[in-house]
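A.B. asks: Here it is, the structure in full.
The values are calculated or read from the model by the stated rules, or taken from the named source; none is laboratory data. It should be emphasised that the depicted structure is a prediction, and the values quoted were computed from it without experimental measurement. Don't worry about glycine lacking a Cβ; one is built from the backbone with ideal geometry, like all the others, and counts go over all protein chains shown. Remember, those area values only see protein heavy atoms, side chains included, never the ligands or the DNA or RNA. Shrake-Rupley method; radii C 1.70, N 1.55, O 1.52, S 1.80 Å.
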Amino acid sequence: MDNSDLKLVIALAKTYNLLFKKLSDQVFEFDLSLTEFGVLEMLYHKGKQPVQKIAEKILVTSGTVTYVIDQLVKKEYVIRKKCLEDKRITYVELSELGKELIKQVFPAHVEYLSYLFNSIEATRKVELIQNLKDMQKSICDLTGSDGND
C-alpha cells in the first residue's frame, strides 16, 4: 500500500504549522497577531475595504474579523466608517498611526520571508507554487468546491 498521500498531508501540515508559528512570532515583535497583520497589510495595499471583503481575503470568519478589527480600533491603527449609500456596509481604513506602523512592519516582514526561504532556489519556489496550485485545483475539481470554503 502506497501511503504517499498520507505523508504528503503530514508534510504539508507540519510545514504550515511551522511557517505560521514563525510568522506569528515575527509580527508579535510589533505587538500584532498574524490576523491583525493580515488586516493591516490588506488595507495598506488595497485601501479602505468593507468588513466582509476583509474576512474573505484574509480567510477568516466575519466574527473573527470583527473581533480583530475591534482590537485594531482599540490600538488606534484602523478606523471604521459607515457607507453613506448603504448603512449596512461598514468600511475599515488605516488611521495615520496604522499607516506609520505598517510602513515599518511590512518591509521587515518581506525581509523575514526572504530570510526564511533564502535556501530555496527561485526556480524551485516557482515549481512549489505551481504544485500547490495544482493540488488546490485537484481538490476543488473532485469536491465541486471553489476553494473558498
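A.B. asks: I'd like the residue in segment 102-126 that is polar (S, T, N, Q) and within 26 Å of Lys46 (Cβ to Cβ) and, out of all such residues, is least open to solvent (accessible area, probe 1.4 Å).
C.D. replies: Going through the qualifying residues, I end up with Ser114.
A.B. asks: Step by step: first the residues of segment 68-84, then only those that are outside any helix (DSSP H, G or I) and open to solvent by 40 Å² or more (accessible area, probe 1.4 Å), then the one that is farthest from Leu97 (Cα to Cα). Which residue is that?
C.D. replies: Out of the qualifying residues, it is Leu84.
A.B. asks: Is one or more of the residues making up segment 7-24 out of contact with any Pro (no Cβ under 8 Å at 6 or more places or on another chain), in a loop (DSSP other than H, G, I, E, B) and on the phi < 0 side of the Ramachandran plot?
C.D. replies: no
A.B. asks: Take Val65 and tell me if it is farther than 23 Å from Leu18 by Cβ and outside any loop (DSSP other than H, G, I, E, B).
C.D. replies: yes
A.B. asks: For Gly98, all conditions in the list (1) in contact (Cβ under 8 Å) with a residue 24 or more places away in the chain; (2) open to solvent by 100 Å² or more (accessible area, probe 1.4 Å) hold save one; what is the number of the exception?
C.D. replies: Only one criterion is unmet by Gly98, namely (2).
A.B. asks: Looking only at segment 130-149, filter to residues that are hydrophobic (A, V, I, L, M, F, W, C) and open to solvent by 90 Å² or more (accessible area, probe 1.4 Å); which one of those is modelled with the lowest pLDDT?
C.D. replies: Leu142
Results for (1) among the aliphatic types (A, V, I, L, M); (2) modelled with pLDDT of 95 or more, shown as yes or no for each residue.
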site	(1), (2)
Ser4	no, no
Ala13	yes, yes
Glu29	no, no
Thr66	no, no
Val78	yes, yes
Arg88	no, no
Lys99	no, yes
Ile102	yes, yes
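A.B. asks: Please verify whether segment 26-39 includes one or more residues that are touching a residue at least 60 places away in the same chain (Cβ under 8 Å), open to solvent by 40 Å² or more (accessible area, probe 1.4 Å) and part of a helix (DSSP H, G or I).
C.D. replies: no
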